[in-house]
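What follows is a short report on a single structure.
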Amino acid sequence: MKCPIAALILLATLLLIALAPSASAALRAGAATSNITPDMGVVLDGTIMKIGPAKHVHDELHARCLVLDDGRTRLAFAICDVTMIAPEIVAEAKELIRRSLNLPPANVLISATHTHSAPRALNVGFGPANDAYHHFLARRIADGVRRAANQLAPAKVAWGSVAKPEFVFNRRWFVKSDSQRANPFGRRGERVQFGPDRAEAEKPAGPVDPEFFVLSVQHADGRPLCLLANYGLHYIGGVPTGHVSADYFGVFAERVRAGLGAMDQEPPFVGILSNGASGDVNGVDLRAKTPTARGYERMREVAGALAEAAVAIVGRAEHRDDLPLAAQLVDLPLAVRKPDAAQLDWARAVLASPEGKAAKPARPVIYARETLGLSEFPDQVPVTLQAFRIGALTIAAAPCEVFAETGLAIKQAGPDATFLIELANGYGGYLPTTEQHALGGYETWPARSSFLETGAEPKIRAGLVDLIRAVNAGEGQERPAGGSR
Ligand SMILES: [Zn+2]
C-alpha cells in the first residue's frame, strides 16, 4: 500500500471490527441427539402404579441437545426422554460437560420431558441395572452436548407462540362434598381430587397455560437446524406396561423434522419438545368423555397438530444472528416435609398389617412406603433455579413439577417472550401453591414425589423472578478466560 494514511485508516477499521461489542458477533448453533434407551430389564417406574422391568421398546429415548454460542457466552440444552432426573445424574453430566467443553454448570440446562414410559432416573433402590443406567444416562447427556458443540455453525434464531387450548386440561377438580373420600393417610375433607369421576367433579381447581412456544434455529442460509418447543402438558400415556416410549415428545421431534422439510439434512436437524408448567395439567377432557387409553394414536394426533403449528410459526418468524446470550443459576435451600413420629408410627403399622404384605399393594401401603422413604431425606435440599437469555427471549427453569398458575405468573413477570422448562437440573417433586396445598389431592400428599415445604412455591416463584431480572440486566456468566472452544 502506497499511502500510509490509507493504511492507518484500514488498520483502525480492522481494530474497530475486532473490538466491536459481543451483541454484533454472529451467533453459532449446533444440535445433536444421544440415544438414552435403557436395556431390557431396567425398571420403568414412570407410572408409580405400574412399576416393572422394560420388556419392549416402542420407540427409542433420546437426550435432544442444542448449543448456542454468541462468541462470548455459550448455552447448552439437553432435554431428555425420562420421567424425571436426579440431581446426582445432572451433576455427573454437568461435570463431564465442564471438563470437556469448559462450560460452567450455570450455562447447561438438563431437563426431563416427563414421558412416563421410561425410568424415573431417581436413586430409589431398584438395584444395579438402574444404577448402571443412571451413569450411562449422565455420559450420554454429556456426549450429546459435546456433539452439538462439535456441530457449531453460523446460525440465526427466531421465536413465536400460539394458543393451543384444545389439548390441555387442569386435572385437579373441586369435588362435591359427599365425594370427599379419605386420602391414603385416612384423612377426610380434601376439597380437590386428581381426575375424579365425572359425576363427582364440580370445577377445575386451577388454570391451564395454553401457550405453545417455539424457538426456531436456522443455518445462516435458512435451512432448519433445530427447533426447541415448549408446552404445558404432563404427557399423553396410555401405553402398555413394560413399553419404553418417548411419548408425544418423541413423535413431535419426528413430525416437526418432516414438517420443516429437514428429513435428509446434513448435519441432521433436531426437533425438541420441552415440558412447560404442567404439574396439574393433563390431556384428559373430563367434561367431554375424551377416550383415554388410545395411547400411541393420541400421541400422534397431539404431536402432529403441534408440529403443524410450529411450522407455521417458523414460516412467519424473522430470524436474527445478533442476539446476546446470558445465563444465571442459583441453589435455593428449602426444607423437606419430613414425616413426624405419628406419621412414622402409622406407616409402620400399615406395613406390618396383612394389607402391607399383599402382592398388589393398595394406596395406603404405597404411601406408607413413601412415608418411610421420605424420613430418610435430609432436612433441607438445594433447589436449583436457572434463567437463560437469548436476546429478548428468557427461558426460566425449575426442577419441580410446576403448576400452571406458577408458570403463568413467571411469564407475566418476565419480558414479553418468556417460558419455563420444568423438571430441569434435578428433581424437586410437585410444587403446589400454598392454596393448593390447603385444598389437598394427590399432588399435595407427602411422598418422594412431593416433598418440599408447603411454602416452597412462593420462594421458588420469587427466586425465578429475581433470576429473570438479573439475566436481563446483563449479569450473565461468561466463558472463563482461556476456555477451550
Ligand atoms: Zn408428573
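The values are calculated or read from the model by the stated rules, or taken from the named source; none is laboratory data. Remember, it's a predicted structure, so these values are computed and weren't measured experimentally. Reconstructed Cβ throughout: ideal geometry from the backbone, glycine too, with neighbour counts over all protein chains shown.
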Among (1) within 30 Å of T433 (Cβ to Cβ); (2) small (G, A, S); (3) more than 16 Å from the ligand (Cβ to nearest atom); (4) touching a residue at least 24 places away in the same chain (Cβ under 8 Å), which single condition is A199 missing?
(4)
Within segment 223-260, considering residues that are more than 16 Å from the ligand (Cβ to nearest atom), of a type in the set (V, I, T) and farther than 26 Å from I410 by Cβ, the one nearest to the chain's Cα centre (by Cα):
V251
Residues that are under 15 Å from the mean Cα position of the chain (by Cα), over 22 Å from A29 (Cα atoms) and away from the ligand (no atom under 13 Å from the Cβ): does segment 89-112 have at least one?
yes
Would you point out the residue of segment 204-248, among those that are polar (S, T, N, Q) and at pLDDT 95 or above, that is farthest from S161 (Cα to Cα)?
S245
Considering each of V82, V108, V42, V67 in turn, give the residue that is among the aliphatic types (A, V, I, L, M), closer than 17 Å to L329 by Cα and either crowded, with 22+ Cβ neighbours inside 10 Å or touching a helix residue (DSSP H, G or I) at 6+ places or on another chain (Cβ under 7 Å) (or both).
V108
Just a yes or no: is a residue in segment 390-398 modelled with pLDDT of 95 or more and closer than 18 Å to N170 by Cβ?
no
Residues located in segment 183-209, provided they are surrounded by fewer than 18 Cβ atoms within 10 Å (Cβ to Cβ) and not in a strand (DSSP E or B):
F185, G186, R187, R188, G189, R191, G195, D197, R198, A199, E200, P207
When every residue in segment 266-283 that is surrounded by 17 or more Cβ atoms within 10 Å (Cβ to Cβ) and assigned to a loop (DSSP other than H, G, I, E, B) is compared, the one modelled with the lowest pLDDT is G283
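Mind checking whether some residue in segment 175-182 is more than 30 Å from E318 (Cα to Cα), in contact (Cβ under 8 Å) with a residue 40 or more places away in the chain and either among the hydrophobic types (A, V, I, L, M, F, W, C) or surrounded by fewer than 22 Cβ atoms within 10 Å (Cβ to Cβ) (or both)?
Step one: filter segment 175-182 for residues more than 30 Å from E318 (Cα to Cα), giving 175-182.
Okay, now just the ones that are also in contact (Cβ under 8 Å) with a residue 40 or more places away in the chain, so none.
No.
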Of the numbered conditions (1) more than 21 Å from A335 (Cα to Cα); (2) without any contact (Cβ under 8 Å) to a residue 40 or more places away in the chain, P364 satisfies every one except a single condition; which is it?
(2)
Check on V214, of a type in the set (A, V, I, L, M, F, W, C) and within 16 Å of the ligand (Cβ to nearest atom)
no
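Quick grid of which residues meet (1) within 16 Å of the ligand (Cβ to nearest atom); (2) at pLDDT 95 or above; (3) touching a helix residue (DSSP H, G or I) at 6+ places or on another chain (Cβ under 6 Å); (4) outside any helix (DSSP H, G or I):
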residue: G407; (1), (2), (3), (4): yes, yes, no, no
residue: Q412; (1), (2), (3), (4): no, yes, no, no
residue: T418; (1), (2), (3), (4): no, yes, yes, yes
residue: E435; (1), (2), (3), (4): no, yes, no, no
Looking only at residues in segment 327-376 that are in contact with a helix residue (DSSP H, G or I) (Cβ under 7 Å, 6 or more places away or on another chain) and within 30 Å of F388 (Cβ to Cβ), which one is surrounded by the most Cβ atoms within 10 Å (Cβ to Cβ)?
A327
Given the criteria of a type in the set (D, E, K, R) and over 25 Å from G52 (Cα atoms), does D143 qualify?
yes
